[in-house]
1. Give segment 1-48 a look and list any residue that's hydroxyl-bearing (Ser, Thr, Tyr) and either open to solvent by less than 50 Å² (accessible area, probe 1.4 Å) or at pLDDT below 95 (or both), or say none.
2. On the given criteria, is Arg64 closer than 15 Å to Leu88 by Cα, basic (Lys, Arg) and in contact with a strand residue (DSSP E or B) (Cβ under 6 Å, 6 or more places away or on another chain)?
3. Which of the residues spanning segment 49-67 are open to solvent by less than 20 Å² (accessible area, probe 1.4 Å) and touching a residue at least 40 places away in the same chain (Cβ under 8 Å)?
4. Give the residues of segment 54-67 that are touching a helix residue (DSSP H, G or I) at 6+ places or on another chain (Cβ under 7 Å) and under 13 Å from Ile10 (Cβ atoms), sorted by residue number.
5. Tell me, which strands (runs of 3 or more DSSP E) wholly within segment 1-66 include 2 or more residues that are within 9 Å of the chain's Cα centre (by Cα)?
6. Name the residues in segment 1-19 that are touching a helix residue (DSSP H, G or I) at 6+ places or on another chain (Cβ under 8 Å) and farther than 20 Å from Arg64 by Cβ, would you?
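The values are calculated or read from the model by the stated rules, or taken from the named source; none is laboratory data. On a predicted model such as this, the values are computed, not experimentally measured, just so you know. Using ideal geometry, Cβ is built from the backbone for each residue, glycine included, and neighbour counts are taken over all protein chains shown. The protein model used for the area step is the full one, side chains on, heavy atoms only, and it has no ligands, DNA or RNA in it. Shrake-Rupley method; radii C 1.70, N 1.55, O 1.52, S 1.80 Å.
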Amino acid sequence: MEFRYEAERIYLTDDHGRMAAEITFHQRSDRTMSIDHTYVSPELQGRGVAADLVKAAADRFRARGLKAVPVCSYAVKWFAQHPEEQDLLKNPSV
């Protein structure tokens, strides 16, 4: 499974070129990105793909010195379950 990276999304396509998984994010301010959507096709659900997408986005933000504001429910849950990533949040809960 190899993710593809674009300016405001990370995604995965299936063997037929159809969207299989995606996370989207948008710039809120100069150094802050809003994670607003996570999608995983029914065929890939339950395999940890959504978690891998959020982790890939988090790694990308960290490498670029950006902060994250999770908006989509899955990203909110993921950050709550990963306290080691709280420093990446614009408004950490810890």
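1. If the condition is that a residue be hydroxyl-bearing (Ser, Thr, Tyr) and either open to solvent by less than 50 Å² (accessible area, probe 1.4 Å) or at pLDDT below 95 (or both), then Tyr11, Thr13, Thr24, Ser29, Thr32, Ser34, Thr38, Ser41 are the ones that fit.
2. Numbers: closer than 15 Å to Leu88 by Cα: yes; basic (Lys, Arg): yes; in contact with a strand residue (DSSP E or B) (Cβ under 6 Å, 6 or more places away or on another chain): no.
Against the criterion (closer than 15 Å to Leu88 by Cα, basic (Lys, Arg) and in contact with a strand residue (DSSP E or B) (Cβ under 6 Å, 6 or more places away or on another chain)), Arg64 does not qualify.
3. Val49, Leu53, Ala56, Ala57
4. Within segment 54-67, Val54, Ala58, Phe61 qualify.
5. 9-13, 19-29, 32-40
6. Across segment 1-19, the qualifying residues are Met1, Leu12.
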